Amino acid sequence: MKIERYLVPLLLIVSWQGLSSLGIIGGNLLPSPVQIFLGFKDLLTVGMPPGQLLHNHCLYSLIRVALGFALAALLGIPLGLLIGWSGRIRIMVSPVIEMIRPIPPLAWIPIAILWFGIGMKSAAFIIFLGAFFPIVLNTISGALSINPIFFEAMRTLNATPADIFFKVVVPGSTPSIFVGLRIGVGIGWMTLVAAEFTGVKSGYGLGYMIMTARDIQRPDEIIAGMLVIGVIGLLINHVLKILEKKIIRWQ
Amino acid sequence: MPRPYSSSFLIKRRSQMKKLFIFLFITVVTGMSLGNVHAKAPIRIGYLQNDIHQLACWIAIEKGFYKKYGADVEVAGIFRAGPEEMSAFAAGALDMGYVGEAPATTAVANGVAQVTVMAQVNTEGSAIIVGKDNPEREVKDLIGKRITIPGHSTVQDFLLQKALRKFKVDPKKVSIIVLKPPEMIGALKTGQVDAFIAWEPYPAKAQTMGVGQVLLTSGEIWKDHPCCVLVADNRFLAERPEDVTAMVRAHVEATDFINAFPDEAVKIGVRYTGMDEKTVRLAMDNVKYTYVLSIEGEKEYVDFLSHLKYIKVPDVNAFTEKFINQETLQEITGK
Amino acid sequence: MAVNQQIAPSLELLGLTKAFDGEKGGKTVSVLHPLTLKIEKGQFVSIIGPSGCGKTTLLKIIAGLENPSAGQIFIDGNKATHNKNRIGLVFQEYALFPWRTTLQNMEIGLEIQSVPKAKRRAAAMEYVRKFGLEGFEDSYPRQLSGGMQQRVAIARTLLTDPEVVLMDEPFGSLDSQTRNHMQAFLLDVWQSRKVSILFVTHNVDEAVFLSDRIIVFSKRPARITHEFVVPWPRPRDRTSLECNTLRREILETMADTGNLPQRRRGAEDERK
């Protein structure tokens, strides 16, 4: 039954509220569920900073992530396919990728601001970095894991290299590409909050909203904001899963 | 084949181990609590990074005023802006601190930290700086431009909002960005922002570097506005009031020292900010060092912060009453 | 030269060998002894031999997937080129592209040849009808049974109009009932298309049922140890005396050359 899935979280929330009401959990360190809910209401109606409402913060953040993610996919998928497809390209490009990959996206923030200034471009760049590597690596893995027998079949059908690339490598990699996309957008969304700490020109963004809530000492809004970020991340993942089912009908 | 242990042996062993554990446990716990009673923990203080307003703190350290009054002080945190320092108070990591009156008011009003203001640290001492090459002449010229503040609910945020309203500029028409002061001059220089407002010596540095010039000093926005205050965590104030008094004494003497021996004060300022003497002198010219508390000033803070919807305070007078402790200062200075 | 015009064999191998370099520069491992073989047009030839003897390698070499160490290959009288040979290969694992429907899998050879869409579609639909796959045109391989998948694979090969169809134990993954059906099906296809087939199998019964000639390979390095000609008309009765006699003969040949572990006389060589 569906109810069992929600039983444990419900119990946790109720006991949490109880402990808060009794004063055992300090309100300044961990707001109660009720306070968080009221904080959420304030985010919707009053805004944080006051005057800047939640839905606009969501919108700007989503646009930033969409830009960074789209760039990561547009560059990462073809690059991954080529690297997976050609041993020569793999040998040439892999060392560079392996060297850049371990650098956390957040470490790029000072350089990003230097190159792109404060604003949409530098935040999208940070998110791009977070999403790019999972996309490339999963695409490569997808291309490499294609059963060699398909290449043999194509060769017996007198296929050209272009035929093999577009008719085998690309479709065969698609499931892994989607895995990479989901992981990439997840990381991009998570990196978002920190990316927006660097300064948002427009004054809108969920990360910026949380940082301001911290400045104005509203832990209830901080946590409400975190929950919003979590829920949106979940929804994005869900949407991608649905998209995947529609596009990959053959699995 | 080793002889298996008999069961009576094992039982005896087990009960011996139990006794040992209990003994150790009691010893450790007693030791820990006794330890607390014997040694008095140093006073954990915090201040803002490169904030020339808080020069009195550095002087009290350098000239030994804290020691003189029996205060064993430990610098537990140097913060990039006021709200961060207030978070540290909330976490119980600080006993006393030099911090902006706006972030302190916000934190207390929102129930996140419990501190009391013990003395003023300075008035005025900030400025709106615009670019050297494309200087805006008046506040109205800021419309459509990008200004950076050290954080929301800092004194500088407060002052900027006041200035915009004073000169009838709709705050929504200005793009406000949050950056930490060390990043501001670079951002102005590279044209990423058109103006910044920060505590001294950053405005002075922008000028001596030839990067910017003053649009408006904070004194021109609100004359004699209280800025930084010396606060004490309420728990600490209750447990060790004599230490708090000692700190205030040291602070008073350090503040007098700045006004009496400005050249030596400059030297200490140079050491703590890492900036050159010319900059520090220019900065200090814009700051008024005083320990005199302003009740009216605080009420203005509460009113305006409520207007900004940062806080919700139903009774301004009661709040201010509780927030500021005038007795200790009066006791020390007779004022 | 009109009088002496001969029809070129579909497939001719001359002195084909294959050897691998031994591991770590050790002795070279010879997989195929010099092999000479001819398949005339429309012939059904089976190759029987123990596992690992090199039959699959031979097919791969003929299909152009591997290079021989020496020797020549002629297809329809022409020297085999690197690409563009009229050879088809049917795999034991079907090798249908999972992301393509039945029709799309069948058409792919024609796609590669840049045949226009309408023509491809029509040609493929014909095979759908001929092979009894109506209703499954838009199904994906995962939705098809093993027998159906192999039929699609065979159609895919035939649509490219090959001179020779190579088949590498194509029914090895099927249960014995489906296997028998597929053998009958293959004979139908072969008789209507008159294409030459080179058929590799473990299964002596299958070879006897299907082939014009059965070639026995030794174990590695493979050489032709014996060749049996099967002149009987089709369809053949598996249980007939002649088939059984031939089967026994073949098994004995293989046992004699040490290709099989010792068995009781008359025991069937069941796969695995």
Q.
Could you list, ordered by first residue, the pairs with Cβ atoms under 6 Å in which the first is in the range B:92-117 and within 8 Å of chain A (Cβ to nearest Cβ) and the second is aromatic (Phe, Trp, Tyr), at least 6 apart or interchain?
A. B:Thr106/B:Tyr310; B:Ala113/B:Phe89
Q.
Restricting to the range C:117-167, name every residue that is among the acidic types (Asp, Glu) and either surrounded by 19 or more Cβ atoms within 10 Å (Cβ to Cβ) or in contact with a Phe, Trp or Tyr (Cβ under 7 Å, 6 or more places away or on another chain) (or both).
A. C:Glu163
**Q.** Enumerated helices (runs of 4 or more DSSP H) restricted to the range A:58-162, each holding at least 1 residues that are touching a residue at least 60 places away in the same chain (Cβ under 8 Å)
**A.** A:109-116, A:120-144
Q: Could you figure out which of (1) crowded, with 20+ Cβ neighbours inside 10 Å; (2) not in a loop (DSSP other than H, G, I, E, B) isn't true of B:Glu242?
A: (1)
Q. Scanning the range A:20-42 for residues that are part of a helix (DSSP H, G or I) and farther than 11 Å from A:Ile223 by Cβ, which turns out farthest from the chain's Cα centre (by Cα)?
A. A:Ser21
Q) Which of the residues belonging to the range A:194-212 are at the interface with another protein chain (Cβ under 9 Å from one of its Cβ atoms), touching a residue at least 24 places away in the same chain (Cβ under 8 Å) and within 21 Å of B:Asn110 (Cα to Cα)? A) A:Tyr208, A:Thr212
Q: Give the number of residues within the range A:142-172 that are within 10 Å of chain C (Cβ to nearest Cβ) and either of a type in the set (S, T, N, Q) or touching a Lys or Arg at 6+ places or on another chain (Cβ under 6 Å) (or both).
A: 4
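Could you look through the range B:273-287, keep only residues that are assigned to a helix (DSSP H, G or I) and surrounded by 22 or more Cβ atoms within 10 Å (Cβ to Cβ), and pick out the one that is farthest from the chain's Cα centre (by Cα)? Lay out the reasoning, then the answer.
Within the range B:273-287, the subset assigned to a helix (DSSP H, G or I) is B:273, B:277-285.
Imposing the further condition that a residue be surrounded by 22 or more Cβ atoms within 10 Å (Cβ to Cβ) reduces the set to B:273, B:279-280, B:283-284.
Values: B:Thr273: 15, B:Thr279: 22, B:Val280: 19, B:Ala283: 18, B:Met284: 18 Å.
My answer is B:Thr279.
Each row is one residue, and each column tells you yes or no for (1) at pLDDT below 95; (2) in a loop (DSSP other than H, G, I, E, B); (3) of a type in the set (A, V, I, L, M).
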| residue | (1), (2), (3) |
| --- | --- |
| B:Thr255 | no, no, no |
| B:Glu296 | yes, no, no |
| B:Tyr301 | yes, no, no |
| B:Ser306 | yes, no, no |
| B:Lys312 | yes, yes, no |
| B:Glu321 | yes, no, no |
| B:Thr328 | yes, no, no |
| B:Ile332 | yes, no, yes |
| B:Lys335 | yes, yes, no |
Q) Could you list, in sequence order, the residues of the range C:40-75 that are over 12 Å from the mean Cα position of the chain (by Cα), buried (at least 19 other Cβ atoms within 10 Å of the Cβ) and either of a type in the set (Gly, Ala, Ser) or closer than 17 Å to C:Leu11 by Cα (or both)? A) C:Gly49, C:Gly54, C:Thr57, C:Ile61, C:Gly64, C:Pro68, C:Ile73, C:Ile75
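Can you pull out every residue in the range C:210-231 that is hydroxyl-bearing (Ser, Thr, Tyr) and either under 23 Å from C:Leu187 (Cβ atoms) or part of a strand (DSSP E or B) (or both)? Walk me through it before giving the result.
Step one: list which residues in the range C:210-231 are hydroxyl-bearing (Ser, Thr, Tyr), which gives C:211, C:218, C:225.
Answer for the range C:210-231, where residues must be hydroxyl-bearing (Ser, Thr, Tyr) and either under 23 Å from C:Leu187 (Cβ atoms) or part of a strand (DSSP E or B) (or both): C:Ser211, C:Thr225.
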**Q.** the range B:60-83 - residue that is within 14 Å of chain A (Cβ to nearest Cβ) and either in contact (Cβ under 8 Å) with a residue 40 or more places away in the chain or among the basic types (Lys, Arg) (or both) and, of those, farthest from B:Thr273 (Cα to Cα)
**A.** B:Pro83
Q) Restricted to the range B:302-335, and to residues that are within 14 Å of chain A (Cβ to nearest Cβ) and of a type in the set (Ser, Thr, Tyr), which residue is nearest to B:Asp233 (Cα to Cα)? A) B:Tyr310
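The values are calculated or read from the model by the stated rules, or taken from the named source; none is laboratory data. Given the structure is predicted, the values throughout are model-derived calculations rather than measurements. Here Cβ is always computed from backbone atoms with ideal geometry, including for glycine, and neighbour counts include all displayed protein chains.
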